[in-house]
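I have placed the structure first, in the form of structure tokens, so that the comments after it can refer back to it.
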Amino acid sequence: MASSMFSSSSVILLVALAILFALCFNVSPALSTSRQRALLEHDQINAQNGFRVMLKHVDSSKNLTLFERLQRGMKRGQHRLKKLNSMVLAATSDDQLVQSPIHPGSGEFLMQLSIGTPPETYNAILDTGSDLIWTQCKPCTDCFNQPTPIFDPKKSSSFSKLSCSNSLCQALPQSTCSNGCEYLYTYGDYSSTQGVMATETFTFGKVSVPNIGFGCGDDNEGDGFSQGGGLVGLGRGPLSLVSQLKEPKFSYCLTSIDDTKTSSLLMGSLASVNSTSSSGDQEIKTTPLIKNSLQPSFYYLSLEGISVGGSRLSIKKSTFALQDDGTGGLIIDSGTTITYLEKSAFDKVKKEFISQIKLSVDDSGSTGLDLCFHLPSDNSENIDVPKLVFHFEGADLELPSENYMVGDSSMGVVCLAIGSSSGMSIFGNVQQQNILVLHDLNKETISFLPTQCDQL
């Protein structure tokens with residue numbers, strides 16, 4: 001009798017322990033499934049509310065001085081400027097031999113994201129000058145070397161090819177229809193990506209966004225892509241990541257070019273300039289976007305004038321105007337390092353800085369910048385730098401001096417981080433440092449809010 005009582009007690013104890021174990025460690029299949037569903041719903045809600053992605057400068061891992069970083073970025077920026085100008089010329093040309101539209105296809109910042117189910121992590125170049133999201137895909141006909149494994153769509157349960165009737169397929173500048181929607185996207189330096197359009201789940205941090213249209217490239221050629229496994233377009237066209245979100249807006253906040261801290265990209269509702277508390281009492285400046293029907297992806301702004309040291313320069317308002325044939329104008333671009341101004345305007349800016357900065361001009365050309373001054377021989381840092389204000393339509397943006405004057409004591413120079421261009425002008429990323437820059441595609445505006453970006 002004692003023996004049977006012991007057995008019953010043992011059974012009761014074991015059952016109790018099993019229930020406790022299941023509750024503590026969540027081994028119940030029903031509980032596990034419901035929890036997974038709750039987590040998935042939570043992520044989808046987050047995706048609707050927006051998400052944050054950390055950005056890394058392409059040279060962040062290199063041991064470079066501020067000037068070396070600037071010079072490397074300028075070299076890439078001059079290459080990009082040529083591509084951007086060639087795009088405009090190609091779009092305005094009557095030459096019927098132009099085979100396909102071209103795109104900038106480069107950038108200064110990398111973003112980490114994941115693709116597929118289960119997710120595969122890779123880095124991609126962020127490009128506000130183009131639209132297509134693409135990554136290299138197996139099996140490769142021709143792929144460049146990338147730091148992470150190439151995406152294999154056969155291993156993802158959420159991969160699905162796009163039909164030729166899909167609106168994203170029809171939005172492509174060039175496509176064919178045989179084995180699904182096949183695309184060719186070319187860039188201004190003979191780089192290109194070619195493959196099939198598909199939808200996939202992309203994960204940004206802990207937030208997953210399903211059914212994002214992208215290019216699965218099995219034939220990818222050219223320079224400038226190898227630091228990542230593809231490119232994320234954030235332009236104004238329907239193929240871009242921002243256009244595919246329910247709330248089509250984004251902002252970025254770029255730390256100083258010589259800062260080791262990461263920058264931030266905020267998508268969807270998180271992009272609101274009201275969402276930051278690190279900006280104090282700074283005033284939000286908002287200016288309208290301008291449309292160029294020949295280059296619909298670019299973020300054109302109306303720059304009406306420039307002031308140096310409180311003096312409004314005698315620059316014709318038409319200098320930065322977008323012309324009827326699609327040439328000229330000014331774009332804001334995260335992928336170009338310094339600002340480039342149309343030559344006649346730059347010459348006046350240069351003349352005024354020479355007049356107001358009481359230092360001798362360095363004409364050696366050793367820095368690659370258009371205007372440099374010799375630092376005082378006693379290495380005095382008390383240089384009187386005149387204020388610089390860009391007068392956009394409805395928004396007078398005064399820049400902190402570190403966003404346009406850069407010095408190098410070892411070289412004995414301090415330089416204006418602005419260059420001269422012919423045709424298109426570009427407001428570059430050095431001038432955007434420590435400013436939250438909001439792109440709102442619904443309102444068709446861009447807003448600026450001075451922000452300490454490493455504290456966002």
Kindly check whether there is at least one residue in the stretch 155-171 that is under 30 Å from Cys253 (Cα atoms) and modelled with pLDDT under 95. yes
In the set Gly394, Gly407, the lone residue that is touching a strand residue (DSSP E or B) at 6+ places or on another chain (Cβ under 8 Å) and surrounded by fewer than 17 Cβ atoms within 10 Å (Cβ to Cβ) is Gly394
Hits in the stretch 374-421 (condition: touching an Asp or Glu at 6+ places or on another chain (Cβ under 6 Å) and of a type in the set (A, V, I, L, M)): Val389, Val413
With the first residue restricted to the stretch 74-86 and required to be open to solvent by 40 Å² or more (accessible area, probe 1.4 Å), and the second required to be modelled with pLDDT under 75 and part of a helix (DSSP H, G or I), Cβ contacts under 7 Å at 6 or more apart or on different chains are none
Within the stretch 401-417, residues at pLDDT 95 or above and assigned to a loop (DSSP other than H, G, I, E, B) come out as Tyr404, Ala417
Sort out which residues of the stretch 302-340 are modelled with pLDDT under 95 and of a type in the set (D, E, K, R), and write them in order of number. Lys316, Lys317, Asp324, Asp325, Asp333
Looking for something open to solvent by less than 20 Å² (accessible area, probe 1.4 Å) and either free of Cβ contacts under 8 Å to residues at least 40 places away in the same chain or among the aromatic types (Phe, Trp, Tyr) (or both) - is there at least one such residue anywhere in the stretch 442-449? yes
Taking the stretch 127-161 and keeping only residues that are under 19 Å from Tyr183 (Cα atoms) and of a type in the set (Ser, Thr, Tyr), one is left with Ser130, Thr135, Thr141, Ser160
Ser355: modelled with pLDDT of 95 or more, of a type in the set (Ser, Thr, Tyr) and on the phi < 0 side of the Ramachandran plot, yes or no? yes
Which condition number in (1) in a helix (DSSP H, G or I); (2) buried (at least 19 other Cβ atoms within 10 Å of the Cβ); (3) more than 22 Å from the chain's Cα centre (by Cα) is the one that Gln431 fails? (3)
Can you tell me which residue in the stretch 376-390 is modelled with the highest pLDDT, limited to those that are of a type outside the set (Val, Ile, Thr), open to solvent by 20 Å² or more (accessible area, probe 1.4 Å) and under 22 Å from Gln433 (Cβ atoms)? Lys387
Among the residues that make up the stretch 94-101, is at least one of them at pLDDT below 85, open to solvent by less than 40 Å² (accessible area, probe 1.4 Å) and more than 19 Å from Gly335 (Cβ to Cβ)? yes
For the stretch 218-236, give me each residue that is in a loop (DSSP other than H, G, I, E, B) and either among the charged types (D, E, K, R) or surrounded by fewer than 18 Cβ atoms within 10 Å (Cβ to Cβ) (or both). Gly222, Asp223, Ser226, Gln227, Arg236
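To keep it simple, each residue is scored yes or no on (1) touching a residue at least 40 places away in the same chain (Cβ under 8 Å); (2) of a type in the set (Phe, Trp, Tyr); (3) under 21 Å from Gln244 (Cα atoms).
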position: Ser114; (1), (2), (3): yes, no, yes
position: Asn123; (1), (2), (3): yes, no, yes
position: Gly129; (1), (2), (3): yes, no, yes
position: Gln146; (1), (2), (3): yes, no, no
position: Phe151; (1), (2), (3): yes, yes, no
Boolean, Ser420 is of a type in the set (Ser, Thr, Tyr) and either assigned to a loop (DSSP other than H, G, I, E, B) or modelled with pLDDT under 90 (or both): no
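The values are calculated or read from the model by the stated rules, or taken from the named source; none is laboratory data. As the structure is a computational prediction, the values presented were derived from the model and not from experiment. Quick reminder, even Gly has a Cβ in these numbers, built from the backbone with ideal geometry, and neighbours come from all protein chains shown. Surface accessibility is based on the protein's heavy atoms, side chains included, excluding ligands, DNA and RNA. Shrake-Rupley method; radii C 1.70, N 1.55, O 1.52, S 1.80 Å.
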